[in-house]
Amino acid sequence: MKKLLFVPVLLLFICCNKEKSEKAQTPKTPVKDDHSFSKPANAVVTHLDLDIKVSFDSSRISGKASWQIDNISKGNEIIFDENTLEIQKVTLGDDDTPTTFRLGEAVEFHGRPLYIKIAPNTTRVNIYYNTTKDAIALQWLKPEQTADKKKPFLFSQGESIWSRTWIPCQDSPSIRFTYNAKVTVPSDLMAVMSAENPQQKNNTGVYNFKQTKAIPSYLMAIAVGDLAFQQIDSRTGVYAEPSVVKKAAAEFGALGNMVNAAEKLFGPYRWGRYDVLVLPPSFPYGGMENPNLTFLTPGVIAGDRSLTSLLAHELGHSWSGNLVTNATWDDIWLNEGFTTYVEHRIGEAIFGEKEAKMQDVLSRKLLADNMAEYGPNNPDTRLRVNTTDRNPDDGLSDIPYEKGYAFLQTVEQAVGREKFDNFLKSWFDDHAFQSVTTKTFTDYLNDNLIKGDKVLEQKINAWVWIYKPDIPDNVTVPVSEDFLAIDVIQKNWRTTGVKGLAGKIKSTNEKQHFIDYLPNDLTISEMQAIDEEFNFTKGGNFVIKRQWFVQAIKHQYKAAYPDIESFMVATSRTGSLLTLYKEMIKTPEGKAWAKSIFAKAKAGYHLTTVEAVGNILK
């Protein structure tokens, strides 16, 4: 979430093992996941047949989740996770034999366990249910909240533990399954999922989906709306509302090249098509790596392809995250740190070394800023965190992304790029369609890269990186010559003036670096001069506007206030909003303004965004 890869040998062996690898099973000795009530060591799901109807009149999904199961212990019970669902009835087998069920006590964040009576030979469990208005995973949008403002829209966001609010499931990233789905929607709308997708509407409103690769529950995804599709190349394309789809396809024109670059680096792309869906602004993240169909914020459409690095991140999850998945949310750095590394390597392959070095410097600054906010001894600055008794989203910051990336860069520097690339290819291949723990990785690192070399082990210092807070001393320090030149400009512009600087500071990375290091004592007249030179307030680049608006709030540049308010009402991207709200609440006047904006905006925010912003405005 945020935020790409093999020469075919032993072809017969690969073909014979393809089905086995793509349906790689939940481990026979599953890890303990504190965020799921399920007991997969006893009985575990293997395949889902989903038959649901989407009603915009009632803002509900209703239907049947029919699960194929493996009753490993031959016991008389299987446990599912559910949260705010209405369970109507449960049956067993293809003949719908009635059975009994009960719901356990609710636990904060987790919902309730759903206990279902089964027989030793049970292989199918059918759960009939409705969602409710409290389903955190589902965002129901009125027509006026969409780009075209004509028809309603629905999208889901399951990560981390919210899929249980729209499907009764064993909601752990350690449990993988394949699925088929039949989805009935209003006939003037289209449904898409994290699966093989239609490319045009049909007049029946009935859509069928198939996901033949084993995925964890948090990657179950659905969107329903007035959607159009535009092909980019033979295996990539864009879904969006009709008024957006052409702009999006133009913005993402290099998507196929990104997939090709990723395959050269990290091995084959194993998911068939790679398409993207541009959502309305209330989507709470930059992107979500749903298999086959990445969900994206419309904020990535800058008009000049300057923010397509976000695409590289979500594409990278096709290897680190979707193919090889963190087994628990304590191990999320295995998803996000690895993907941030993959993202940067794809960016370097596509945009060149100069851009890559600038991205590295920005990455380290983001890490340093997060460390300063959390404090060096905060346990949440470890790579492997402890989310027991917490909402796992609460432990998520930029640290697993950026510290994880910095750690992998350190390993690369210690062993050399070629050796590390081969190691990563093997890691992805040997653990394809599996869920893994941090220990799985450290054991693999020791067995396949360090191999008993004590000097190399000390040079990498993996244990300290992973299990201790703060940033180890052996972190790599990137340098960008382009940024050094901007640093010189930064020192002199107050004397020489800002006129002409826009011709010297051109790229998104350069502008971001310039804004990040503006003096703390800027005057209103200086802010105005910079704004007139660069047009930061009125510009179309989401990232630049966010960074500039932080400065505008900090220095009380009131000329930008109407645009800041419009920006904060129009987006639900949680991380960006929190950055702005946190800057606002540093003064009493700013806090009052923040509360005023929140009151206007929260109806259009995603529920997770409402909760996050509400917590800091208390």
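Computed from the coordinates by the stated procedures, all read-outs in this text should not be read as laboratory data. No experiment lies behind these values; they were computed from the predicted model shown. Note: ideal-geometry Cβ built from the backbone for every residue, glycine included; neighbour counts use all protein chains shown.
Assorted remarks:
- Each part gets one Cα centre, and for the range 173-218 versus the range 343-417 those centres are 33 Å apart.
- Listed values for the range 111-117 are Karplus-derived 3J(HN,Hα) couplings in whole Hz (6.51 cos²θ - 1.76 cosθ + 1.60, θ = phi - 60°), namely x, 10, x, 10, 8, 10, 6, and x replaces Gly and Pro.
- D_trans [Stokes-Einstein, Kirkwood Rh over alpha-carbon pairs] for the range 483-616, 4 °C, 1.567 mPa s, µm² s⁻¹: 83 µm²/s
- Cα-based reach from Lys117 at 19 Å (exclusive), listing lysines while leaving out same-chain residues under 8 positions away: Lys39, Lys64, Lys74, Lys89
- When the Cα positions of Leu445, Trp493, Leu114 are compared along the charge dipole of the chain, Leu114 comes out farthest toward the positive end, with charges on each C-beta of Lys, Arg, Asp and Glu.
- Within the range 483-616: Cβ-based charge dipole about Cα centre, in debye rounded to nearest 20 (Lys, Arg +1; Asp, Glu -1): 180 debye
- Expressed as a fraction of 2.2 N^0.38 Å, the value expected for a compact globular protein of N residues, the C-alpha radius of gyration of the chain is 0.96.
- Proximal lysines relative to Lys591, as straight alpha-carbon distance under 21 Å, when same-chain residues fewer than 8 apart are discounted: Lys545, Lys554, Lys558, Lys582, Lys600, Lys602, Lys618
- Between the residues Ala181, Ala261, Leu279, the greatest Cα displacement towards the positive end of the dipole of the range 175-318, with unit charges on the Cβ of Lys, Arg, Asp and Glu, is found for Ala181.
- Note on the chain: antiparallel DSSP beta bridges, both residues inside, total approximately 75 percent of the bridges counted.
- Helical content of the chain, expressed as a calculated mean residue ellipticity at 222 nm, amounts to -11500 deg cm²/dmol (DSSP H runs of 4 or more residues, -39,500 (n - 2.57) each, divided by residue number, nearest 500).
- Residue exposure sequence - Tyr274, Tyr401, Tyr444 - by fewest surrounding Cβ within 10 Å: Tyr444, Tyr274, Tyr401
- Karplus (6.51, -1.76, 1.60) ³J(HN,Hα), θ = phi - 60°, over the range 523-537, in Hz, Gly and Pro reported as x: 8, 4, 5, 5, 4, 5, 5, 5, 5, 5, 6, 9, 6, 5, 5
- In sequence order, the range 561-568 has phi-based couplings of 4, x, 6, 4, 4, 4, 4, 6 Hz under the Karplus curve 6.51 cos²θ - 1.76 cosθ + 1.60, θ = phi - 60°, and Gly or Pro positions carry x.
- Cut-off under 5 Å, modelled amide H: who pairs with Ser194 long-range: Ala221
- Note on the chain: with charges restricted to the Cβ of Lys and Arg (+1) and Asp and Glu (-1), its dipole about the Cα centre is near 580 debye.
- Long-range HN-HN contacts of Leu307 with modeled amide H, under 5 Å: Ala302
- Dipole of the chain computed with +1 at Lys/Arg Cβ and -1 at Asp/Glu Cβ about the Cα centre; of Val125, Ile524, Met288, farthest Cα towards the positive end is Val125.
- Computed about its Cα centre, the charge dipole of the range 386-447 is approximately 120 debye, with only Lys, Arg, Asp and Glu carrying charge at their Cβ.
- Residues with amide H under 5 Å from that of Lys89, placed H, sequence gap 5 or more: Tyr128
- Hydrodynamic radius by Kirkwood, which averages 1/r over all alpha carbon pairs of the range 292-438, in angstrom: 16.1 Å
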